[in-house]
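*Asks:* Got a structure for you, questions after.
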Amino acid sequence: MPEDGRSEGAGPVLVTEDDQGRRSLRFGDGGARQSVVWPGDPLRLELPYTRMAMVALAFVPRPENILAVGLGGGAIPMFLRSVLPDTHIDVVEVDGA
């Protein structure tokens, strides 16, 4: 990772909040939203890939353990904690930025 806090090859990591309270994480100025969270509303998955990832719960409706690779803005782990409070959830992130 470059010393200036940028993600390797992705540009600066930007977290913004709009007037509705929605927080977005982007890589680089003008980059696509990588993650969106609504503080206080963990069940609200805004981006299509986050909703599609939860289809996996149809195959294992009550998992004992979950490993999420890549934290991003935390939308998926917050959703999982909300719907599966007794499940052990680990999250690993390779990019310290």
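*Asks:* Spin-label point model (7 Å from Cα, Cβ direction): what's the residue 68 to residue 15 distance in nm?
*Replies:* 1.4
*Asks:* Let me ask another. Mind checking the full-extension length gain between residue 41 and residue 93? Use 0.36 nm per residue of separation minus the Cα-Cα distance, one decimal, nm. Intermediate results must be reported in sequence, preceding the final value.
*Replies:* On the way: separation 52, 0.36 × 52 = 18.72 nm, distance 2.30 nm.
Taking 0.36 nm per residue and subtracting the Cα distance, the gain is 16.4 nm.
*Asks:* Express the carbon and sulfur contribution to the solvent-accessible surface of the chain as a percent, rounded to the nearest whole number, probe 1.4 angstrom.
*Replies:* Details: 3540 of 6540 Å².
That share works out to 54 percent.
*Asks:* A follow-up question, please. Between residue 81 and residue 52, take the C-beta separation as r, use R0 = 22 Å, and let me know the FRET efficiency to the nearest 0.05.
*Replies:* Calculated transfer efficiency: 0.70.
*Asks:* Residues of the chain: accessible area per residue at 1.4 Å, in Å²?
*Replies:* It amounts to 67 Å² per residue over the chain.
*Asks:* So for the chain, what percent of the C-alpha to C-alpha distances run longer than 22 Å?
*Replies:* 34
The values are calculated or read from the model by the stated rules, or taken from the named source; none is laboratory data. These numbers were taken from a predicted model, which means no experiment stands behind them. Because the Cβ atoms are built from the backbone with ideal geometry, glycine has one as well, and the counts that use them run over all protein chains shown. Surface accessibility is based on the protein's heavy atoms, side chains included, excluding ligands, DNA and RNA. Shrake-Rupley method; radii C 1.70, N 1.55, O 1.52, S 1.80 Å.
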